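The structure appears below as structure tokens.
The values are calculated or read from the model by the stated rules, or taken from the named source; none is laboratory data. Fair warning: this is a prediction, and the values are worked out from it, not measured in the lab. In this analysis, Cβ positions are derived from the backbone assuming ideal geometry, glycine residues included, and neighbour counts consider all displayed protein chains.
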There are 2 protein chains.
Amino acid sequence: MEKLISVREAVDIVLKETKILGTEKVKIINSLGRIIAQDIVSPFDMPPFRRSAMDGYAIKFDDLSFTKIFEIKDEIKAGEVKDIKYEKGKCVLIMTGAKVPEDFDTVVKFEDTEEIFENGKRKIRILKEIKRFGNIAERGEDFKKGDVLIKKGGVIDSGYMAIIAYCGIDEVSVYKRPKVGIMATGNEIKKIGEKLKEGEIYDCNSYSIYGLVLKYGGEPEILGIAKDDKKSLKNLIMKGFKKRKDILVLSGGVSEGKYDFVVDVFNEIGIEMKFWKVAIKPGKPTFFGKKGNCLIFGLPGYPVSAYINFENLIRPAILKMQGITTFERFKVSGILAEDIENKGDRDEFLRVILKVENNENLIIPYKEQKSGIFTSITYTNALLFLKKGEKIKKGKKVIVEIYK
Amino acid sequence: MEKLISVREAVDIVLKETKILGTEKVKIINSLGRIIAQDIVSPFDMPPFRRSAMDGYAIKFDDLSFTKIFEIKDEIKAGEVKDIKYEKGKCVLIMTGAKVPEDFDTVVKFEDTEEIFENGKRKIRILKEIKRFGNIAERGEDFKKGDVLIKKGGVIDSGYMAIIAYCGIDEVSVYKRPKVGIMATGNEIKKIGEKLKEGEIYDCNSYSIYGLVLKYGGEPEILGIAKDDKKSLKNLIMKGFKKRKDILVLSGGVSEGKYDFVVDVFNEIGIEMKFWKVAIKPGKPTFFGKKGNCLIFGLPGYPVSAYINFENLIRPAILKMQGITTFERFKVSGILAEDIENKGDRDEFLRVILKVENNENLIIPYKEQKSGIFTSITYTNALLFLKKGEKIKKGKKVIVEIYK
């Protein structure tokens, strides 16, 4: 099973095997970050009536041809509806957000007037040049009844929460969150809290994966660490199945010497192996299998490789399960700060730092790109895809993908 | 109280009045997005020992001068420590992550060898050019004992979670999350679920604010809607104090005509008004007061203005309470897609779309910048600060702040 497939091919296989989960209803206040499973269609125009955009005085603009002084005839508070009729030279005190009576076409804001008393009457004098229709928000100027304000498949952020509320909708349909079981493998891997003996290290992959699953909307659970024996690995995977996980993620079980071992376990359990290796650096030894609707991923033990291949292969699966249809990361173009060359035998994702310097977006490749150097994850914010054999000179324009 | 202050001045006042909250301990799996209140110092070198980076065979490099065939003397699994002594022309099968015995200096990976049998002995033949020290990860090459891996004040992301776990740390000290009480004001504002009469609209600001508070690490609670009378506003603010909120955010209570009204309520309750207006568009009518350590913000009723001034003024307070010391947003430089000009009487934050087109970052100002058009929030991803009177031509380079 030496055949290497490209990342693109691997993602296609993963997505082909990934089913969209069902939907459920949540209250708006619990919807942040969820993927909406319905269109939000406006039930009314917004604003639903012609309203005052300022605290001020509603006038009929044509009156300005003969006077700058208006008698205050009445007043309208926000929320009040008064059908006040026009009388020559008279105005209506009106508060922001209130419906402007039909006979009036312009609002003069407080600051552009002074109040005066004349013949025992409250009047205003207009102090500035006024525009016709000034400070009036037309009915439906934000959106109209029937407008699709949010499309199914969008991520609910604070702006979407406001739009949903604006429409008076309290509960929305969202896609279910994938349940992801996380496990590490390896005799040398110890659980935090245990004492390390020589030759051992703590499990860190389970925690970066935990954080990534949360970030992309899944419900993570750490299931434990399997020893390098078939029984231990089999038991841990079975635990994941019993807990009805949608995705199982193993790290560390996929080095060259463990192929037969993992394949035996998969055969015993009935997991179908879809691919075993990906032609990418970091992260070549990465497998993907399936049983029923449960996806099983094996990531390398190296924290950098595990992290980047989670980003490349598991992130799209988690997103697709939640109804998302585009998986591209946010892209930014910038100037490369130093020469780079991919001398390896595979395409590569360089970890880079994108920052603005002297008005330019500068792309700075992290100094150390080895899979063993986890600081290349913690101190960078973008990925630069470099094809096998590709060279790019300092100063050239490149596009990077923001992954933080 | 007509004095307008700049956004910069307003932020400085807010930050001056903001106290950092205390700290608490959380388990790593509950730490995503929290602000760390301790440095993370590595308790050991990582890797903690010289280890094999591949499944393969440990050899002494100098042996290659006389042979390409090595007898397999022993084997070492990951997690095993065996102090195997060097014998001329012999190698040790070793798995990824295992400690390399001192006498050996190079690992030849499986793929670069073939196994052969000679005189009943298991041997390997090396098929490729090998580099001295190849596939050996030196002790401490990722980080060293005593290295400060994470500095106090950083946001815990999935990478940080992995680093903390790597160090064997199960619980970290983080800053407490600010408790934020959210209220709307206005006779025309109705709670979702209530029936709208003419002249009324639903409360949407409470929900965008709820989402923003969550996004920046606070604990939001919606407290309700106050009518435009002193008693109602006072009661709602008192409810916030009783619930011991660190921040209270009102929207809609700050139009020109309500100044005396709000000031009266503040005086009765003992809130000290720090500023009332900010010279910024959108969001001029925005107040800030303080009682004890509780910060009280009044945002405009316009959803766009409320949103942007939350970003400008309340976000820094929420971050500072959690121990963050830099409040700048992520910046990106790009090419302006059309002429812009700030003809208003205040500095302005334009809502823009940043996207990559033809290898360039294009900055597209949203077509409608009125405070009443909430879609300018939902359909944009960046803010462009434009000084009063400033003009910029299409094609010029500008820097925007990502706010989504």
Exactly one of (1) at pLDDT below 95; (2) in contact with a Phe, Trp or Tyr (Cβ under 8 Å, 6 or more places away or on another chain); (3) surrounded by 17 or more Cβ atoms within 10 Å (Cβ to Cβ); (4) not β-branched (Val, Ile, Thr) is unmet by B:Lys230. Its number?
-> (3)
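Please go through region A:69-95 and give me each residue that is in contact with a Leu (Cβ under 8 Å, 6 or more places away or on another chain) and not hydrophobic (A, V, I, L, M, F, W, C), ordered by number. Walk me through it before giving the result.
Going residue by residue through region A:69-95, those that are in contact with a Leu (Cβ under 8 Å, 6 or more places away or on another chain) are A:72, A:74-76.
Result: A:Asp74, A:Glu75.
When the residues of region B:360-369 are filtered to those that are facing another protein chain (nearest Cβ under 10 Å) and under 27 Å from the mean Cα position of the chain (by Cα), which remaining residue is farthest from A:Lys151 (Cα to Cα)? Give the steps one after another, and end with the answer.
Initially, region B:360-369 is screened for residues facing another protein chain (nearest Cβ under 10 Å), giving B:360-362, B:368.
Now restrict to residues that are under 27 Å from the mean Cα position of the chain (by Cα): B:360-362.
On the way: B:Glu360: 28, B:Asn361: 25, B:Leu362: 24 Å.
Across region B:360-369, the extreme among qualifying residues is B:Glu360.
Going by the structure shown, is A:Leu386 touching a residue at least 40 places away in the same chain (Cβ under 8 Å), within 14 Å of chain B (Cβ to nearest Cβ) and out of contact with any helix residue (DSSP H, G or I) (no Cβ under 6 Å at 6 or more places or on another chain)?
Values: touching a residue at least 40 places away in the same chain (Cβ under 8 Å): yes; within 14 Å of chain B (Cβ to nearest Cβ): no; out of contact with any helix residue (DSSP H, G or I) (no Cβ under 6 Å at 6 or more places or on another chain): yes.
In short, no.
Among residues belonging to region A:337-357 that are of a type outside the set (Asp, Glu) and more than 29 Å from the chain's Cα centre (by Cα), point out the one that is nearest to A:Lys277 (Cα to Cα).
We begin by selecting, within region A:337-357, every residue of a type outside the set (Asp, Glu); these are A:337, A:340, A:342-344, A:346, A:349-356.
From what is left, the residues that are more than 29 Å from the chain's Cα centre (by Cα) are A:340, A:342-344, A:346.
On the way: A:Ile340: 25, A:Asn342: 19, A:Lys343: 20, A:Gly344: 16, A:Arg346: 12 Å.
Checking each candidate, the answer is A:Arg346.
Only one of A:Arg50, A:Arg8 is under 24 Å from A:Leu149 (Cβ atoms), out of contact with any helix residue (DSSP H, G or I) (no Cβ under 7 Å at 6 or more places or on another chain) and either within 11 Å of another protein chain (Cβ to nearest Cβ) or not aliphatic (A, V, I, L, M) (or both). Can you tell me which? Before the answer, list the steps.
Values: A:Arg8 fails: under 24 Å from A:Leu149 (Cβ atoms).
None of the other options fit; the residue is A:Arg50.
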Determine whether B:Asn361 is assigned to a helix (DSSP H, G or I) and either closer than 18 Å to B:Lys396 by Cβ or among the polar types (S, T, N, Q) (or both).
-> no
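State yes or no: is A:Val155 of a type in the set (A, V, I, L, M, F, W, C), touching a Lys or Arg at 6+ places or on another chain (Cβ under 7 Å) and surrounded by 13 or more Cβ atoms within 10 Å (Cβ to Cβ)? Walk me through it before giving the result.
On the way: of a type in the set (A, V, I, L, M, F, W, C): yes; touching a Lys or Arg at 6+ places or on another chain (Cβ under 7 Å): no; surrounded by 13 or more Cβ atoms within 10 Å (Cβ to Cβ): yes.
Criteria not met by A:Val155.
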Considering B:Ala98, B:Ala78, B:Ala165, which residue is free of Cβ contacts under 8 Å to residues at least 24 places away in the same chain and within 8 Å of another protein chain (Cβ to nearest Cβ)?
-> B:Ala78
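Got at least one residue in region B:61-78 being within 41 Å of the chain's Cα centre (by Cα), more than 30 Å from B:Asp260 (Cα to Cα) and not polar (S, T, N, Q)? If you could, list the steps in order and put the result at the bottom.
The first filter runs over region B:61-78 and keeps only residues within 41 Å of the chain's Cα centre (by Cα), leaving B:77-78.
Add one more test, that the residue is more than 30 Å from B:Asp260 (Cα to Cα), and what stays is B:77-78.
When the remaining residues are screened for being not polar (S, T, N, Q), the result is B:77-78.
Yes, because at least one residue in region B:61-78 is within 41 Å of the chain's Cα centre (by Cα), more than 30 Å from B:Asp260 (Cα to Cα) and not polar (S, T, N, Q).
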Among residues of region A:370-387, those that are assigned to a loop (DSSP other than H, G, I, E, B) and either within 24 Å of the chain's Cα centre (by Cα) or more than 12 Å from B:Ile163 (Cα to Cα) (or both), counted | 7
Please find, among A:Ile156, A:Ile130, the residue that is closer than 20 Å to B:Leu214 by Cα and β-branched (Val, Ile, Thr).
-> A:Ile156
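Which of the strands (runs of 3 or more DSSP E) contained wholly in region A:243-343 include at least 2 residues that are in the same structural domain as A:Asn205 (by TED's automatic domain parsing), touching a Pro at 6+ places or on another chain (Cβ under 9 Å) and surrounded by fewer than 23 Cβ atoms within 10 Å (Cβ to Cβ)? Step through it out loud before you land on a result.
Details: elements: A:247-251, A:272-277, A:285-291, A:294-299, A:331-336.
Of the strands (runs of 3 or more DSSP E) lying wholly inside region A:243-343, those with at least 2 residues that are in the same structural domain as A:Asn205 (by TED's automatic domain parsing), touching a Pro at 6+ places or on another chain (Cβ under 9 Å) and surrounded by fewer than 23 Cβ atoms within 10 Å (Cβ to Cβ) span A:272-277.
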Tally of residues being touching an Asp or Glu at 6+ places or on another chain (Cβ under 8 Å), hydroxyl-bearing (Ser, Thr, Tyr) and closer than 14 Å to A:Ile169 by Cβ across region A:1-49 | 1
May I ask you to list the residues in region B:318-336 that are within 14 Å of chain A (Cβ to nearest Cβ) and either out of contact with any helix residue (DSSP H, G or I) (no Cβ under 9 Å at 6 or more places or on another chain) or not charged (D, E, K, R) (or both)?
-> B:Ile318, B:Thr326, B:Glu328, B:Phe330, B:Lys331, B:Val332, B:Ser333, B:Gly334, B:Ile335, B:Leu336
Taking B:Gly199 as meeting all but one of (1) facing chain A (nearest Cβ under 7 Å); (2) assigned to a helix (DSSP H, G or I); (3) touching a Phe, Trp or Tyr at 6+ places or on another chain (Cβ under 7 Å), write down the number of the exception.
-> (2)
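Count, please, the residues in region B:342-386 that happen to be of a type in the set (Asp, Glu) and closer than 24 Å to B:Ser208 by Cα. Don't jump to the end; show me each part of the working.
In the first step, residues of region B:342-386 are kept if they are of a type in the set (Asp, Glu); the result is B:345, B:347-348, B:357, B:360, B:368.
Imposing the further condition that a residue be closer than 24 Å to B:Ser208 by Cα reduces the set to B:347-348, B:368.
Result for region B:342-386: 3.
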